[in-house]
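The values are calculated or read from the model by the stated rules, or taken from the named source; none is laboratory data. This is a predicted model, so every value here is computed, not measured. Positions of Cβ are generated from backbone atoms using ideal geometry, with glycine treated the same way; all protein chains shown enter the neighbour counts. All accessible areas refer to the heavy atoms of the entire protein, side chains included, with ligands and DNA or RNA removed. Shrake-Rupley method; radii C 1.70, N 1.55, O 1.52, S 1.80 Å.
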Amino acid sequence: MGEYIKPNSIIHGDSRELLRQIAPDSVACSVWSPPYHVGKEYEAGMSYEDWLSLLKTVISLHMPILKPGGFLAVNIADILCFKDPDIPRIMAENKNRKRNDITRELVLETIAAHPGLNRYQIAQILGCSEQTVDRRLKGNNIRGGKYATQTRVKLVGGLIEQMGLDAGLYLYDRRIWVKDAAWENSRWHSNSYRSVDEFEYIYMFWKPGITVVDRDRLTKEEWVNWGSRAVWSFPSVRANDDHEAKFPLELPRRIIRLLTAPEDVVLDCFVGSGTTAVAALLEGRQYIGIDIEEKYVEMSKKACRRTLESMNGEQQLQLF
Ligand SMILES: C[S@@+](CC[C@H](N)C(=O)[O-])C[C@H]1O[C@@H](n2cnc3c(N)ncnc32)[C@H](O)[C@@H]1O
């Protein structure tokens, strides 16, 4: 093996390989959000078993690289539309079926009339959800058709907990992130008794060792407002125009402020658009970011450069 990956870098590649190249006992906190197994572009071709195996491998590779007493914070959601061929057909008699009259043609016309607008803006013009626009464009208009496989909810927390335990990590805390209270007023309720998707989880694992507890890391107000609170409320990124599933900056920022000290190394092995790296920079921590998609690596590097510029170039970057 060559040299270890240097802090303050964003690396292109597969975390299942690259995590092996991070110095042992060096990462104070790893913060990431993996693919959720919900059909995003970057999940194409990944089966449920592939997804489980990816998470298991990545979590187990954290054990050697985390500092003793350090943390792994995983942001993830339950799978609300988990396809299960064994489920009997849900028999639903819809008394209030309102058909969504947004057609593919209408979406295409609107895009042609407003070149340069992203999916979110197109959805606003049409008065529908981003998901509807997406579904029309990708041609999968039919949902729950007569012969379609039924879906159910799949809880993910227990799976992740077990993967952590198998790796030698212990669940230290769990929080709920409430994303979009604005959805309460939304007209995009589904035609069923199911709730809208408005929260995710943050699972915080601990690697045995000495953890410095420094209550001065947060102000009194911060402890009251969120440091000691199990439920965090802040909006998600509404216009995911350049990356499909960005963190809001507030998410990694809170975790970093809570669980690390200045200069500590923060890792995100699914770095996407670079939000965790930016949060680390803003909080005076070092970062390592990894993504399997070259375009996201470039996006993250750019985001770090912009952040450094806005901080008056206080730190020297080693971007390679
Ligand atoms: C949920 S997104 C993370 C978004 C990120 N938190 C942000 O704020 O932009 C998951 C990311 O993991 C990347 N990814 C998927 N499989 C990977 C792998 N095996 N190794 C590294 N990155 C991977 C995807 O390209 C995607 O950018």
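Annotations for the structure displayed:
- Search result, residues across the stretch 64-99 that are at pLDDT 70 or above and farther than 24 Å from Tyr48 by Cβ: Pro64, Ile65, Leu66, Lys67, Pro68, Gly69, Gly70, Phe71, Glu93, Lys95
- One residue alone among Val266, Val271 is more than 8 Å from the ligand (Cβ to nearest atom), at pLDDT 95 or above and not in a helix (DSSP H, G or I), and that residue is Val266.
- Residues in the stretch 28-47 that are open to solvent by 40 Å² or more (accessible area, probe 1.4 Å), in contact (Cβ under 8 Å) with a residue 12 or more places away in the chain and more than 10 Å from the ligand (Cβ to nearest atom): His37 only.
- Options Pro248, Pro252; residue that is open to solvent by less than 30 Å² (accessible area, probe 1.4 Å), assigned to a loop (DSSP other than H, G, I, E, B) and within 16 Å of the ligand (Cβ to nearest atom): Pro248
- Among residues that are open to solvent by less than 40 Å² (accessible area, probe 1.4 Å), of a type outside the set (D, E, K, R), within 11 Å of the ligand (Cβ to nearest atom) and modelled with pLDDT of 95 or more, Ser53 is not included.
- The lone exception for Gly164 - which of (1) of a type in the set (Gly, Ala, Ser); (2) modelled with pLDDT of 65 or more; (3) surrounded by 13 or more Cβ atoms within 10 Å (Cβ to Cβ); (4) not in a helix (DSSP H, G or I) it fails: (4)
- Identity of the residue in the stretch 14-27, open to solvent by less than 10 Å² (accessible area, probe 1.4 Å) and in contact with a strand residue (DSSP E or B) (Cβ under 7 Å, 6 or more places away or on another chain), that ends up nearest to the ligand (Cβ to nearest atom): Ser15
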